[in-house]
1. Looking at segment 30-55 only, could you name the residues that are exposed (fewer than 15 other Cβ atoms within 10 Å of the Cβ) and small (Gly, Ala, Ser)?
2. Considering only residues of segment 149-185 that are within 15 Å of the ligand (Cβ to nearest atom), open to solvent by less than 10 Å² (accessible area, probe 1.4 Å) and outside any strand (DSSP E or B), which is farthest from Gly114 (Cα to Cα)?
3. Quick check on my filter: what residues within segment 196-218 are exposed (fewer than 14 other Cβ atoms within 10 Å of the Cβ) and of a type in the set (Gly, Ala, Ser)?
4. What are the residues in segment 39-64 that are part of a strand (DSSP E or B) and under 19 Å from Leu82 (Cβ atoms), if any?
5. Hey, does segment 72-88 have a residue that's in a loop (DSSP other than H, G, I, E, B), of a type outside the set (Asp, Glu) and away from the ligand (no atom under 15 Å from the Cβ)?
6. Cβ contacts < 8 Å: first residue in a strand (DSSP E or B), restricted to segment 195-218; second residue at pLDDT below 95 and open to solvent by 80 Å² or more (accessible area, probe 1.4 Å), any location; separation 6+ or different chain. Result?
7. Suppose the filter is surrounded by fewer than 18 Cβ atoms within 10 Å (Cβ to Cβ), modelled with pLDDT of 95 or more, within 9 Å of the ligand (Cβ to nearest atom) and closer than 25 Å to Leu75 by Cα; does Ala193 pass it?
8. All but one of (1) of a type outside the set (Asp, Glu); (2) open to solvent by 60 Å² or more (accessible area, probe 1.4 Å); (3) within 15 Å of the ligand (Cβ to nearest atom) hold for Ala123; state the number of the condition that does not hold.
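The values are calculated or read from the model by the stated rules, or taken from the named source; none is laboratory data. Model, not experiment: these values are computed from the prediction. Here the Cβ positions follow ideal geometry from the backbone for every residue, glycine too, while neighbour counts run over all protein chains shown. Keep in mind that these areas ignore ligands, DNA and RNA; they rest on the heavy atoms of the full protein, side chains included. Shrake-Rupley method; radii C 1.70, N 1.55, O 1.52, S 1.80 Å.
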Amino acid sequence: MSARPSTRQSLLLIGCGSHARVVLDLARAQGPLWKVVVAIDAMKKPDAAELEGVPIRGGPDDLEPLLSGVHGALLGIGDNALRERLGARVLAAKRALVSCFHPKSSISPRSRIGPGVAACPGAVVMTGAVVGEGAILNTGCTVDHDCEIGAYAHIAPGAHLGGRVKVGARTLIGIGASVRQNIRIGADAVVGAGAAVVADVPDGVTVVGVPACPSFRR
Ligand SMILES: CC(C)(COP(=O)(O)OP(=O)(O)OC[C@H]1O[C@@H](n2cnc3c(N)ncnc32)[C@H](O)[C@@H]1OP(=O)(O)O)[C@@H](O)C(=O)NCCC(=O)NCCS
């Protein structure tokens, strides 16, 4: 379920760490579409009472009861697998998984963006691209024409994808990495910071360097 409400709606923010603060900032920068009324800690019972003015009302066990009082949720979790699990719980509770786009991101109207996506300042998505549920498009990344970004993937700050690149579910494309056009990167893979990817990357494999090669050190 995606959400583009015409009136102000209440949201729950899942997470209270750094990425939650980023997502809260994106939602606030977007103007008065939504109001984030409550947050939860995604890992444990919370030790703080509030996150930048938003009350933190519980831990992961409190998600469903708190969802019943709001229109939808924002995914403020950096860990791709955990974000996926919590996104599934939001949808199972029949609440909207809300996408937020910083006003200085540039998203082609001829791209398709799934629910629960976060687009940071300077993120660019070009025509024909498809961005899956819960993906993070971090600061200044570029996703060129006809790319396919899998669900819950993370394109880190300053990473650049040429045209028709495919990125699998939950994969991290690290800070400042470049991926040549038409490359396929599997699911649960990691492209190290600064890598230049010029060959396909299988599922679950970490690659680093220029040109990127599998890393056996993990
Ligand atoms: C590739 C990566 C996953 C490896 O992480 P790790 O398994 O914890 O590796 P370590 O930091 O222990 O480093 C192991 C070795 O790999 C090297 N290495 C680590 N990252 C590297 C990279 N991006 N490029 C080249 N070499 C790298 C280290 O220098 C080290 O080499 P050494 O054994 O010769 O000393 C990680 O460094 C990385 O680049 N992650 C992406 C981070 C990112 O972009 N996050 C987004 C935040 S918004």
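1. Selection gives Gly31, Ala48, Ala49, Gly53.
2. Top of the filtered list is Ala177.
3. Answer for segment 196-218, where residues must be exposed (fewer than 14 other Cβ atoms within 10 Å of the Cβ) and of a type in the set (Gly, Ala, Ser): Ala199, Gly204, Gly209.
4. Residues satisfying the conditions are Ala39, Ile40, Leu51, Ile56.
5. No, because not a single residue in segment 72-88 is in a loop (DSSP other than H, G, I, E, B), of a type outside the set (Asp, Glu) and away from the ligand (no atom under 15 Å from the Cβ).
6. Thr206/Arg218
7. yes
8. Here Ala123 meets the rest and fails (2).
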